Every structure is written in C-alpha cells, then in structure tokens.
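The values are calculated or read from the model by the stated rules, or taken from the named source; none is laboratory data. The structure displayed is predicted, hence computed values, not measured ones. In this analysis, Cβ positions are derived from the backbone assuming ideal geometry, glycine residues included, and neighbour counts consider all displayed protein chains.
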Amino acid sequence: MSRKAFQRLSLDARRRDLMEATLVCIARHGLHGATVRGITEEAGVTAGLVRHYFGSKDELIRTAYAYLVGQLTTEASESAKRSPGAASAQLAEFLRANMTPPNLSEHKVSLWATFIGRVRSDRYFAEIHREGYREFLSLLEALIAPVLVDHGLPHGAETCKRHAIVLNGLIDGLWLEGSLHTGLYDQTILPDLLVESSERFLGLPAGSLSTARTTQEKQRQTPCDMPE
C-alpha cells in the first residue's frame, strides 16, 4: 500500500475505526483468532461495512498491517515536521520519536511481530513491508542529507542511502528491545542513546544533534517561559 493510500485511510474515520479494532482483536486473539464478527463488534459497525471497504477478511488484515506500518512512519515524520528550522533539530526529533511513545510501545512491537511472520509467505504482506521500509529509508535520507551539508561532510545520494540503511537498523534494534521493556535499563535513556550513536556514525561533532534540539526548544519559549 502506497503513502497516498495511508493518507486516504487516515482521512476516513470509519476505516480508521475498523483498522484500530482489527489491531485490537489481533493483539488479543492473533491473526487466526481475530474474526470479522469480533472486529465489527469492537468497531461498533456492521459486517456489511467490512465487505464494502475490503471485500474479505484477508484484505482487512493486510490493510491493518499497512495501517500499522503507516502509523509508525507518520508519527516520526510528523514529529520532525513540528521542528521547523535547523536540519539537525529535525533529524534529532525524528530519531527521538521512534524511541518514545506512541511509537515505543510493547503493544505495537507485539503486533509487528505477529504480522512479520506473514511477510515471507504472502506476497501482499511482502509488498506492504517493502513499501513501508522504502518510505522510511527515503525519509531518513532526506533528513540526513542537509545535516551532512551543514557540516561539510560527503552527502551524495549513495552516501545518504547507506547511512539511512544503518540508522534504520539501529532504530529497529533499539525499538524492539526498548518496546519489550526487559527491565534491564530505564527506557528513557533510549532517545539520547540513539541521537548520540547517530552523531558518531554520521561523523558529526559530539552534541550537534542534541544541542540543535535544545537550542530550538529555547527559541520557541516566550519571555515568560524563560527561566530567570
């Protein structure tokens, strides 16, 4: 499912309610245990609405996976957009959004793990996975490039692509471990860990991403908000 399809889905409240209900039922009962009846009862709609929008349970389940993937990407992307100004601040906000709620969530990582088993056996799930991965990488590349430019570092398309692949792997690993919350460490350290690790990998001066975010937060404060 394409980015435009995610956007259309988010604009339709009834579809969104169905997607949320589908994810709730899958979390409770698994892919096979989630029934159309259970989903429609959870959403407070009739089974006819499922047939109207999706045609079958299989299509409903696939769309729910696309919706979940879209949620994760959109949350991080919107966080970056809310940080206008310095490219470093936007990249930092994108990274942090992946390590904080609502993206950092045992519920979401459990759902992701439930769906991911279908990627190798179902070509529709595989395409949704590829499209989501492709979009996330593209967003990362677009955020990384201007930061490298600002610091006079190599910033060609191939360089940014390679950087995005590695940062995506770092994000995925910390997201999985952090969301499962083993209790071995405080989850609140993860945003800083990710930002600091990204600085080192990209060859940026220490503190350049975190300092950019802090500076921008101070600039957004009103005089009354500033400490005396």
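Structural remarks
- Screening HIS107 on (1) touching a residue at least 24 places away in the same chain (Cβ under 8 Å); (2) surrounded by fewer than 19 Cβ atoms within 10 Å (Cβ to Cβ); (3) more than 29 Å from GLY30 (Cα to Cα) shows it passes everything except condition (3).
- Scanning the range 189-208 for residues that are modelled with pLDDT under 95 and not in a loop (DSSP other than H, G, I, E, B) yields a single hit, SER208.
- Cβ-Cβ under 6 Å pairs, at least 6 apart or on other chains, the range 185-197 side touching a residue at least 24 places away in the same chain (Cβ under 8 Å), far side in a helix (DSSP H, G or I) and surrounded by fewer than 14 Cβ atoms within 10 Å (Cβ to Cβ): none
- Out of GLU93, GLU59, GLU42, sole residue that is buried (at least 16 other Cβ atoms within 10 Å of the Cβ), acidic (Asp, Glu) and closer than 20 Å to LEU18 by Cβ: GLU42
- Residue that is farthest from TYR65 (Cα to Cα), among those in the range 1-39 that are loosely packed, with under 14 Cβ neighbours inside 10 Å and at pLDDT 90 or above: ARG37
- Check on ARG213, loosely packed, with under 15 Cβ neighbours inside 10 Å, basic (Lys, Arg) and either modelled with pLDDT under 95 or part of a helix (DSSP H, G or I) (or both): no
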